[in-house]
Amino acid sequence: MAQNQEQNDLKVHVIDHPLIQHKLTLMRMKETSSKDFRQLLEEIAMLMGYEVTRDFPLMDVKIETPVAPCEAKMIAGKKVGLVPILRAGLGMLDGMLDLMPAARVGHIGLYRDPETLKPVEYYCKLPPDVSERTLIVVDPMLATGGSATAALTLLKEHGAKNLILMCLVSAPVGIRLVNKEHPDVPIFVAAIDDHLNEHGYIVPGLGDAGDRIFGTL
Ligand code: PRP
Ligand code: URA
């Protein structure tokens with residue numbers, strides 16, 4: 001949203017496809033229902049997932065079509081791992097699974113303490129062999145960056161080496177923190193908003209993503 005001089009230092013991929021921007025605008029509207037919000041988030045996750053996986057390595061395979069043998073391409077390596085940060089990250093999971101139905105899914109439970117804005121971990125269950133998989137961490141909101149940074153640190157402690165962070169709406173301060181703490185992790189977002197308010201909410205943002213997804217406002 002706000003792209004100005006002070007953001008030139010950010011290392012981030014902004015996926016600003018018109019369909020994504022249109023759907024994100026609908027999500028931002030305060031009158032959008034939970035049902036529509038969920039649906040739009042799932043659709044955007046799928047569209048973003050298409051871009052996030054663009055550079056996935058391919059391998060040659062020998063197959064036979066009904067007509068002739070041929071050499072074709074398939075994604076190389078172990079199945080990708082999708083890691084939603086609970087709760088709101090769950091809203092992006094189904095869209096990604098539509099794209100990659102065989103992906104493994106890990107869950108990291110973190111909530112942001114409303115007073116300190118620091119992440120508090122309450123759950124972690126990961127697929128086996130995380131060190132051999134590309135893991136895509138998904139969370140709609142990258143605000144202070146505390147939750148994403150903590151999730152990436154936790155995954156590295158479990159051996160993860162190849163990580164990608166995919167968020168819907170971000171604030172410059174959050175991107176900067178992840179860039180600083182995890183310079184090896186590419187970040188993909190659909191929007192960089194202006195700033196955080198005194199409660200740590202992204203402005204203009206879309207409100208509390210978890211509450212809007214699950215109707216707990
Ligand atoms: C939201 C969001 C991120 C986090 C972002 O989760 O889904 O995980 O806040 O803020 P940060 O960048 O400042 O850490 P929240 O803590 O509200 O939990 P929820 O998903 O369970 O609603
Ligand atoms: N978490 C949210 O859900 N929304 C924000 O704006 C910031 C953190």
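Loop-located GluC sites (Glu not before Pro) in region 1-95 (DSSP state other than H, G, I, E, B) with a sparse environment of at most 10 neighbouring Cβ atoms within 10 Å: 31. Where both bridge residues fall in region 80-158, DSSP classifies roughly 45% of the beta bridges as antiparallel. I'd like the antiparallel share, as a percent to the nearest 5, of DSSP beta bridges with both residues in region 83-217. Expressed as a percentage, antiparallel bridges in region 83-217 total about 35.
Bridging of residue 79 to aspartates and glutamates at a Cα separation below 12 Å is possible for 129, 132, once same-chain residues fewer than 8 apart are set aside.
Could you tell me what percent of the DSSP beta bridges with both partners in region 1-107 are antiparallel, to the nearest 5?
Values: 7 of 9 bridges.
Of all bridge pairs located within region 1-107, approximately 80 percent are antiparallel.
By the combined test of axial Cα extent (at least 18 Å) and Kyte-Doolittle hydropathy (mean at least -0.5), the qualifying DSSP H helices of the chain come to 34-52. Of all the accessible heavy-atom surface of the chain, with the other protein chains kept in place and a 1.4 Å probe, what percent is carbon and sulfur? Reported share for carbon and sulfur atoms: 55 percent.
Add -39500 (n - 2.57) for each DSSP H run of 4 or more in the chain, then divide by its residues: what number comes out at 222 nm, to the nearest 500 deg cm²/dmol? Don't skip to the answer; put the middle values down first.
On the way: 6 runs with 65 residues, N = 217.
Calculated from helices alone, the mean residue ellipticity at 222 nm is -9000 deg cm²/dmol.
Rg and Dmax, both from the Cα atoms of region 87-179 and both in Å, are 12.9, 39.
For the chain, the solvent-accessible area works out to 53 Å² per residue, with a probe of 1.4 Å and every protein chain left in place. Each 10 Å bin from zero holds the following percent of Cα-Cα pairs in the chain: 8, 34, 36, 15, 5, 2, 0.
With the largest listed first and rounded to whole Å, the semi-axes of the equivalent ellipsoid of region 6-107 from the Cα gyration tensor are 32, 17, 15.
Percent of Cα-Cα pairs more than 14 Å apart in region 52-132, please. Display every interim value, and only then the final one.
Details: 2343 of 3240 pairs.
The proportion of pairs with Cα distances above 14 Å equals 72 percent.
Pairs from the list 23/78; 30/180; 78/118; 73/125; 11/156 with a Cα-Cα gap above 30 Å: 23/78; 30/180; 78/118; 73/125.
The values are calculated or read from the model by the stated rules, or taken from the named source; none is laboratory data. For clarity, every value in this text was computed on a predicted model and none was experimentally measured. All Cβ positions, glycine included, derive from the backbone under ideal geometry; neighbour counts span all protein chains shown. Just the protein is used for accessible areas: all its heavy atoms, side chains included, with ligands, DNA and RNA removed. Shrake-Rupley method; radii C 1.70, N 1.55, O 1.52, S 1.80 Å.
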